[in-house]
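Q: Dropping the structure in here first, questions after.
Just so it is clear, none of the values below were taken in a lab; they were calculated from the coordinates. For clarity, every value in this text was computed on a predicted model and none was experimentally measured.
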Amino acid sequence: MPNKRRRLIGRVSSAKMDKTIVVKVDVAKRHPIYDKVLHETRKYYAHDERNEAQEGDLVQIVESRPLSRLKRWALERILERREAAQMTISAAEEGSN
């Protein structure tokens, strides 16, 4: 039986709370009438049991039962660490110069 819980991918914008991270998810939608692409950012509070995510990490969160007033998501896995992302950006900048 497949797991039907929703999964989202976003960047950690805050990891200052204990066992909680704030994840910003960017969504691009096309306007039905004007046909313009609109970018929307949503903020989700997610449970991070081992406090392993840091600010700037690219993470995947999964829907879960309500854990508090705001937390309805849990950290599933870290897709990319902040250091790796910064190294890739700096390497690209050096290559373009």
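Q: Determine ³J(HN,Hα), in whole Hz, for all residues of segment 5-12 in sequence, where each value follows from phi through the Karplus function 6.51 cos²θ - 1.76 cosθ + 1.60 and θ = phi - 60°; x replaces Gly and Pro.
A: 6, 6, 10, 10, 10, x, 9, 6
Q: Sticking with this one: Kirkwood hydrodynamic radius of the chain from all distinct Cα pairs, in Å?
A: Kirkwood radius, the chain: 15.0 Å.
Q: Taking amide H atoms as placed 1.01 Å from N in the peptide plane, list the residues 5 or more away in sequence, or in a different chain, whose amide H sits under 5 Å from that of Thr20.
A: Asp48
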